[in-house]
Amino acid sequence: MTSMLTTPTRLRKSREASETRFKWFGRGAIAISLAFLVFMVGSIILQGKGALTTSEIAVTVDLSAENIDPNDIEATSFDSLMKKSLRETFPEVTSRGDKRKLYGLLSVDLGFELRDHILADPSILGGPQKLWFTASDDADLVISGSVDRDLPEDERRMSDLEISWLETLENNDSVNRHFNSKFFTNGDSREPELAGILSALMGSLLTLSVCFFVSFPIAILAAIYLEEFAPKNRLSQFIEVNINNLAAVPSIVFGLLGLAMLLNTFGLPRSTPLVGGLVLSLMTLPTIIIAARASLRAVPPSIREAALGMGASPVQATFHHVAPLALPGILTGTIVGMAQALGETAPLLMIGMVAFIADVPTSIVEPAAALPVQIFLWADASERAFVEKTSAAIIVLLVFLVLMNLLAIFLRKKFEKRF
Amino acid sequence: MSPKNAATAAKLNITAGNRSKTVEMLVTGVLIACSLVAILVTVGIVFSLLFESIRFFERVPMSEFLFGTKWSPQTALRADQVAAEGSFGAVPLITGTLLISFIAMCVATPLGLFSAIYLSEYASKRTRNWVKPLLEILAGIPTVVYGFFAALVVAPMLRSTGESVGLNVSSESALAAGLIMGVMIIPLISSLSDDVINAVPQSLRDASLGLGSTDSETIRKVILPAAIPGIAGSLLLAASRAIGETMIVVMAAGLAANLTANPLEAVTTITAQIVALLTGDQEFDSAKTLSAFALGLLLFIVTLILNVISLKIVNKYREQYD
């Protein structure tokens with residue numbers, strides 16, 4: 001603007017300045033929102049990274065017949081054998097308290113792990129063997145560097161003595177870090193190093209299946225009725241207002257409905273994917289109906305008229321010609337609705353899906369947890385290592401959400417038809 | 001074809017015709033039934049909330065619930081215990097909810113509105129296609145993730161910042177929950193306002209620009225006034241979302257029922273109390289459990305009113321100029 005012939009007057013300058021300022025407010029607002037997104041997701045990924053790897057410690061165990069009877073392996077006291085082996089690795093440890101700390105380097109499951117090693121490969125029996133065991137959560141935090149070793153002793157959970165043991169092990173090549181497959185194959189546990197998300201994932205999968213099989217047919221049929229058959233009368237209008245309002249009702253209210261109706265009146269089993277899925281399906285119903293109606297509306301009337309003109313009945317015209325054309329759009333809306341349901345937590349708390357569930361559920365009438373509820377539970381746990389687990393579970397949840405949304409975008413792009 | 005066969009065929013045809021008519025009616029019936037589910041759900045919500053709330057108000061007078069300032073739901077250990085039923089004054093919860101929602105709106109309104117203005121009036125089509133979906137991601141992130149982030153990162157950050165300037169910030173402050181909730185509702189405000197701003201007809205813009213006003217003057221003096229009712233509607237919808245939001249406040253705001261307007265102190269909200277009252281072991285007949293339904297009814301009524309008003313306004317002004 002300065003290239004104009006007249007020199008800018010003061011008023012003009014201030015108007016230009018305010019124009020620039022206004023533009024920057026807009027840019028700033030977007031930048032702040034996106035920066036927050038990056039900051040939040042970034043910090044969660046950084047924290048969760050630690051839980052995707054796990055530490056193992058190698059201990060030499062004497063598996064000779066003197067300790068383990070090859071004919072009756074199960075009779076062995078694996079726990080005490082492990083403890084003995086640890087004591088032999090660090091013979092200088094003598095006091096009771098120190099011994100307990102020494103055992104604490106490994107997870108509480110150390111006996112079971114030894115048993116699994118032997119059952120997996122009985123040929124290792126007969127002599128001393130160097131075997132790998134899961135490190136405890138506190139040891140893992142030190143090994144991975146999540147807890148700074150140079151902190152003053154009273155600000156960390158591991159004492160100088162325990163860290164010196166770990167350093168000895170590290171110098172002997174007896175410490176190892178690798179991908180934490182346990183996190184994906186174990187159920188929940190009170191011990192962070194053993195806790196996994198499989199039970200929660202299965203719970204979410206079962207819950208979502210119930211939600212899908214209930215809400216998808218009902219929503220499609222309701223949308224078809226409202227869009228293709230409903231006369232323009234008070235009832236249709238009332239249904240429409242109802243659907244729009246249901247979409248904005250707070251999710252926790254649906255939880256209260258589930259608690260009062262499904263659990264207390266109908267007596268369905270508490271904490272199960274069946275009830276969770278039903279509650280979530282009531283919530284996703286409006287989302288799918290609204291999306292399905294929009295995509296039915298996008299099918300041009302010529303398709304309908306052609307079918308009716310060839311002698312098809314209204315039901316045939318709808319189900320044979322209009323609905324199939326609208327299906328990609330309906331599916332996209334359904335996936336978006338399912339993604340919402342996957343992240344929903346509050347209504348599941350109301351119907352009791354917050355119990356500690358270690359077993360992987362196999363049917364929809366067994367008590368189960370769900371992924372977001374697992375995140376809520378772990379976020380409440382006091383152990384430092386659960387912070388990493390929570391972040392890792394959030395990463396898994398976000399990955400699923402991203403995949404579902406990508407699938408929706410892909411479907412829309414691939415099958416989008418312009419009439 | 002023998003006459004007999006023809007007759008059978010005709011008969012078959014008739015039955016087929018009848019059958020298809022029955023099928024048509026049956027299908028239509030199923031379709032109607034499915035769309036009535038939406039009404040059934042609403043009726044179910046209203047009845048289950050009302051029914052349990054009435055049982056609650058038989059024990060605790062409604063005036064105490066609505067105007068009492070002390071919230072400490074107890075279950076009696078002994079029948080003759082003093083204050084065995086606890087006190088159920090919902091005022092601290094209501095003020096807590098309003099305080100947190102107010103903070104959230106203070107964050108989300110400027111950020112959401114300015115984003116919407118920039119995207120609809122200044123941004124190139126390319127930028128718009130990129131930025132809009134990115135902003136929508138904020139709405140797609142589950143609220144439990146926001147809650148975790150608020151409790152674990154934002155609250156300690158506020159606390160240490162507060163300490164360094166000599167302020168005593170509670171570790172479960174209303175501020176942390178409100179700030180994060182604000183971020184969560186940015187996309188709601190920005191996308192609804194975007195629609196409303198886009199619905200303002202081009203002729204108004206052209207007229208204003210033609211008279212020599214700059215872009216920002218056009219936006220502030222012509223477009224925003226024309227869009228203001230619709231924007232107000234989108235803000236109301238966002239406020240209703242904030243009031244009904246649960247996980248962020250459960251994880252970041254805590255359960256201390258303080259009657260305060262200080263954002264640095266801990267407050268609790270209606271939703272957080274519902275969760276606290278109904279998780280864990282519960283006997284279904286105590287006033288404590290039933291009070292959760294009364295809170296739910298209150299929440300439902302407030303959000304319903306906000307939703308109805310805002311949906312009406314938004315729909316009206318979205319299409320006003322078409």
Looking for something surrounded by fewer than 18 Cβ atoms within 10 Å (Cβ to Cβ), within 14 Å of chain B (Cβ to nearest Cβ) and not small (Gly, Ala, Ser) - is there at least one such residue anywhere in the stretch A:48-56? no
So, in the stretch A:71-92, exactly how many residues are buried (at least 17 other Cβ atoms within 10 Å of the Cβ) and more than 13 Å from A:Ile57 (Cβ to Cβ)? 4
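Based on what the data block shows, is B:Ile103 touching a Leu at 6+ places or on another chain (Cβ under 9 Å), facing chain A (nearest Cβ under 7 Å) and buried (at least 19 other Cβ atoms within 10 Å of the Cβ)? Can you show your working first?
On the way: touching a Leu at 6+ places or on another chain (Cβ under 9 Å): yes; facing chain A (nearest Cβ under 7 Å): no; buried (at least 19 other Cβ atoms within 10 Å of the Cβ): yes.
No: the conditions fail for B:Ile103.
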Within the stretch B:57-73, track down each residue that is part of a helix (DSSP H, G or I) and over 19 Å from B:Gly96 (Cβ atoms). B:Phe57, B:Glu58, B:Arg59, B:Met62, B:Ser63
Among the residues of the stretch A:362-378, which ones are farther than 17 Å from A:Leu278 by Cα and not in a helix (DSSP H, G or I)? A:Thr362
Restricted to the stretch B:110-122, and to residues that are at the interface with chain A (Cβ under 8 Å from one of its Cβ atoms) and aliphatic (A, V, I, L, M), which residue is nearest to B:Arg205 (Cα to Cα)? B:Ile117
Counting only residues that are assigned to a helix (DSSP H, G or I) and hydroxyl-bearing (Ser, Thr, Tyr), which one in the stretch B:184-229 is farthest from the other protein chains (Cβ to nearest Cβ)? B:Ser203
Taking the conditions exactly as written (at pLDDT 95 or above and within 14 Å of chain A (Cβ to nearest Cβ)), does B:Ala38 satisfy them or not? no
What number of residues within the stretch A:184-229 are outside any loop (DSSP other than H, G, I, E, B) and over 19 Å from A:Ser281 (Cβ atoms)? 9
When the stretch A:92-112 is checked residue by residue, the ones that are farther than 30 Å from A:Ile45 by Cα and in a helix (DSSP H, G or I) are A:Arg96, A:Gly97, A:Asp98, A:Lys99, A:Arg100, A:Lys101, A:Leu102, A:Tyr103, A:Gly111, A:Phe112
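Here is a yes/no grid of residues against (1) of a type in the set (Val, Ile, Thr); (2) buried (at least 17 other Cβ atoms within 10 Å of the Cβ); (3) over 30 Å from A:Asp359 (Cβ atoms); (4) not assigned by TED's automatic domain parsing to the domain that holds A:Glu366:
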residue: A:Val214; (1), (2), (3), (4): yes, yes, no, no
residue: A:Leu235; (1), (2), (3), (4): no, no, yes, no
residue: A:Ile239; (1), (2), (3), (4): yes, yes, yes, no
residue: A:Leu256; (1), (2), (3), (4): no, yes, no, no
residue: A:Gly267; (1), (2), (3), (4): no, no, no, no
residue: A:Ala294; (1), (2), (3), (4): no, no, yes, no
residue: A:Met310; (1), (2), (3), (4): no, no, yes, no
residue: A:Pro314; (1), (2), (3), (4): no, no, yes, no
Just one of (1) surrounded by 18 or more Cβ atoms within 10 Å (Cβ to Cβ); (2) modelled with pLDDT of 90 or more trips up A:Val387, so point out which. (2)
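Just the residues that are touching a helix residue (DSSP H, G or I) at 6+ places or on another chain (Cβ under 8 Å) and within 14 Å of A:Val59 (Cβ to Cβ), please, taken from the stretch A:93-112. Show your work before the answer.
Restricting attention to the stretch A:93-112, the residues satisfying the condition of being touching a helix residue (DSSP H, G or I) at 6+ places or on another chain (Cβ under 8 Å) are A:93, A:98-99, A:101-107, A:110-112.
The answer is A:Val93, A:Leu102, A:Tyr103, A:Gly104, A:Leu105, A:Leu106, A:Ser107, A:Leu110, A:Gly111.
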For the stretch B:146-174, how many residues are surrounded by 24 or more Cβ atoms within 10 Å (Cβ to Cβ) and away from every other protein chain (no Cβ under 14 Å)? 2
Of all the residues that make up the stretch A:184-207, how many are crowded, with 23+ Cβ neighbours inside 10 Å and among the hydrophobic types (A, V, I, L, M, F, W, C)? 4
Of the listed residues (A:Ala317, A:Ala346), the one being of a type outside the set (Asp, Glu) and at the interface with another protein chain (Cβ under 9 Å from one of its Cβ atoms) is A:Ala346
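Results for (1) at pLDDT 90 or above; (2) over 16 Å from B:Gly178 (Cα atoms); (3) in a helix (DSSP H, G or I), shown as yes or no for each residue.
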site	(1), (2), (3)
B:Ala232	yes, yes, yes
B:Leu237	yes, yes, yes
B:Arg241	yes, no, yes
B:Met251	yes, no, yes
B:Leu264	no, no, no
B:Thr271	yes, no, yes
B:Val275	yes, yes, yes
When (1) in a helix (DSSP H, G or I); (2) surrounded by 10 or more Cβ atoms within 10 Å (Cβ to Cβ); (3) among the charged types (D, E, K, R) are applied to A:Lys130, the one that fails is (1)
With the checklist (1) within 11 Å of chain B (Cβ to nearest Cβ); (2) assigned to a loop (DSSP other than H, G, I, E, B); (3) not hydrophobic (A, V, I, L, M, F, W, C) in hand, flag the one item A:Lys232 doesn't pass. (1)
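Let's see how each residue does on (1) surrounded by 20 or more Cβ atoms within 10 Å (Cβ to Cβ); (2) more than 8 Å from chain A (Cβ to nearest Cβ); (3) within 20 Å of the chain's Cα centre (by Cα):
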site	(1), (2), (3)
B:Ala252	yes, yes, yes
B:Ala266	yes, yes, no
B:Leu278	yes, no, no
B:Asp285	no, yes, no
B:Ser291	yes, yes, no
B:Leu297	yes, yes, yes
B:Phe300	yes, no, yes
Can you spot a residue in the stretch A:29-37 that is part of a helix (DSSP H, G or I), out of contact with any Pro (no Cβ under 9 Å at 6 or more places or on another chain) and surrounded by fewer than 16 Cβ atoms within 10 Å (Cβ to Cβ)? yes
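The values are calculated or read from the model by the stated rules, or taken from the named source; none is laboratory data. What you are looking at is a predicted structure, and each value in this text was computed from that prediction instead of being measured. Counting neighbours? That spans all protein chains shown, and the Cβs are built from the backbone with ideal geometry, glycine included.
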